[in-house]
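Scroll down for the structure; my scribbles are underneath it.
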Amino acid sequence: MVNLLKKNEQTGRSMVEMLGVLAIIGVLSVGGIAGYSKAMTKFKITKTFDQVSMMVANIRTLYSGQRNYKGLATTNALAMGVVPAEMEGATSQTLVNAFQGSVTLGSATYNGQQNSAFYVSYGAMGREACVQIVTSDWGSGSSSGFIGLTVTSGTSGIAAATVPAVSDNTSTAGAAKWGNLNLPVSPSDAAAACGCTNDQCAITWYYM
């Protein structure tokens, strides 16, 4: 009888200890998943900075001897060598970003002159990524070529571009635009602009 009681007590302690271990593992797993998700978002944001900077530099270099950016389009970006091969989508004429959203690019009208500027647009950007990206310094001075930034709602990059005037700094429900005279964007303005439907924003950069 004594042995039986001892065995029951030991079994009870073992079960409590096992539950305690499982609880600790559960807490650590949740924390690990949250940490991993945070790290992945940061990695993708950094990847976005690198990709956009590279594309802009490549486009400006390729067209440095041209009068304008006529002919620049998403469908021929890979063929022209202005985007990294890693961004190729389902076909060689589609592009995807680090967040698996669509990427579009092409020429745009600026100050009434057709094809005098170009845009790069990233879709499916979450709110956290959107705020961090929008508040960054994307270039100052005429040498950078940067002329504006817009935020709209959507998982795909925009299909056509309207370059914001350099004096524009407006924010409405689900849309915002800033000219380079009003940059960098303040965190509060970015947070308001990045409140897109389902936290999916499209960010578009404009350069000349």
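Specify which of the listed residues (Thr150, Thr135, Thr109) is surrounded by fewer than 16 Cβ atoms within 10 Å (Cβ to Cβ), more than 9 Å from the chain's Cα centre (by Cα) and of a type in the set (Val, Ile, Thr). Steps first, answer last, please.
Details: Thr150 fails: surrounded by fewer than 16 Cβ atoms within 10 Å (Cβ to Cβ); Thr135 fails: surrounded by fewer than 16 Cβ atoms within 10 Å (Cβ to Cβ).
Just a single option satisfies the conditions, and that option is Thr109.
State which residue pairs qualify: first residue farther than 18 Å from Ile158 by Cβ and in contact (Cβ under 8 Å) with a residue 12 or more places away in the chain and inside region 84-110, second residue of a type in the set (D, E, K, R) and surrounded by 19 or more Cβ atoms within 10 Å (Cβ to Cβ) in any location, beta carbons under 9 Å apart, and separation of 6 or more residues or different chains.
Listed pairs, sorted by first residue: none to list.
Name every residue in region 112-132 that is crowded, with 17+ Cβ neighbours inside 10 Å, among the small types (Gly, Ala, Ser) and more than 19 Å from the chain's Cα centre (by Cα), in order of residue number.
Answer for region 112-132, where residues must be crowded, with 17+ Cβ neighbours inside 10 Å, among the small types (Gly, Ala, Ser) and more than 19 Å from the chain's Cα centre (by Cα): Ser116, Ala117.
Quick one: Tyr122 ticks every box in (1) closer than 15 Å to Asp50 by Cβ; (2) not in a strand (DSSP E or B) bar one, so which box is it?
(2)
Looking only at region 47-79, count how many residues are touching a helix residue (DSSP H, G or I) at 6+ places or on another chain (Cβ under 7 Å) and either hydroxyl-bearing (Ser, Thr, Tyr) or farther than 21 Å from Ala98 by Cβ (or both).
3
Among the candidates Ile45, Ile33, Ile59, Ile133, which residue alone is at pLDDT below 90 and either farther than 15 Å from Tyr207 by Cα or touching a Leu at 6+ places or on another chain (Cβ under 9 Å) (or both)?
After ruling out the rest, the residue left standing is Ile33.
So, in region 125-157, of the ones that are of a type in the set (S, T, N, Q) and not in a helix (DSSP H, G or I), which residue ends up farthest from Ala191 (Cα to Cα)?
Once the filter is applied, the top-ranked residue is Ser140.
Looking at this structure, is Ser102 small (Gly, Ala, Ser) and surrounded by 21 or more Cβ atoms within 10 Å (Cβ to Cβ)?
Yes.
Hey, among the residues in region 192-207 that are of a type in the set (A, V, I, L, M) and modelled with pLDDT of 90 or more, which one's surrounded by the fewest Cβ atoms within 10 Å (Cβ to Cβ)?
Only one residue tops the list, namely Ala202.
The values are calculated or read from the model by the stated rules, or taken from the named source; none is laboratory data. Model, not experiment: these values are computed from the prediction. Don't worry about glycine lacking a Cβ; one is built from the backbone with ideal geometry, like all the others, and counts go over all protein chains shown.
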